[in-house]
Amino acid sequence: MENSAEMQRFIEQEQQKAMMSEMVGKLTSVCWDKCITSTPGSKFSSGETTCLTNCAQRFLDMSVIIAKRFEMQ
Amino acid sequence: MDSFSSSSGPPPNTEALMDQIKAQLAQAYAQEFLETVGNKCFAKCVTKPGSSLSGSESSCISRCVDRYIEATGIVSRALFSSTR
């Protein structure tokens, strides 16, 4: 049945999207707490923007290190 | 409802099911986002709850919501569209 293949593909796609969305949501929460320390203004300062970008990318770097650390054992 | 009886073409309910799943997922994402934004902005803007929300608390909340949406975009770009 070609439908079940189509459905299978659809579900895989949505799972992928859900994973990404969860990751973005979690990192936004973590990095918001770290980087936005004052009351939110009408515009981010360049420092806040940079901090958010760095925070997200360093979190990824850290995940890699942690994964490697466990591979070593 | 007698669409099942037609012998040619895929059963039409696959697409309907996908649409339904998509709609429910969209609602779930929105709900989760709303909850998170609410928690973050309440923490930032309503530090000492009074008998009603003050004007400055309200404007802080609307700025906070805008910034949180912006932050989501920044984080998302940092993760997915960077050439690293």
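No lab work stands behind these numbers, since they all come straight from the coordinates. Not measured: the values here are computed from a predicted model. Positions of Cβ are generated from backbone atoms using ideal geometry, with glycine treated the same way; all protein chains shown enter the neighbour counts.
Here are the numbers for the structure shown:
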item: For the stretch A:10-18, 3J(HN,Hα) per residue [Karplus equation, 6.51 cos²θ - 1.76 cosθ + 1.60, θ = phi - 60°, Hz, x = Gly/Pro]; result: 4, 5, 4, 4, 5, 5, 4, 4, 5
item: Compactness index (Cα Rg / 2.2 N^0.38 Å), the protein assembly as shown; result: 1.42
item: Options B:Leu53, B:Cys64, B:Ala16, ranked by Cα towards positive dipole end of the stretch B:16-84, top entry (Cβ charges); result: B:Cys64
item: Two-decimal Rg/Rh across the stretch A:2-72, once Rg and the Kirkwood Rh are taken from alpha-carbon atoms; result: 1.18
item: Quotient of Cα Rg and 2.2 N^0.38 Å for the stretch B:12-80, N being how many residues it contains; result: 1.55
item: Helical mean residue ellipticity (222 nm; -39500 (n - 2.57) per DSSP H run of 4+; nearest 500) of chain A; result: -30000 deg cm²/dmol
item: Cα-based Lys proximity count in the protein assembly as shown, under 15 Å, for pairs eight or more positions apart or on separate chains; result: 7
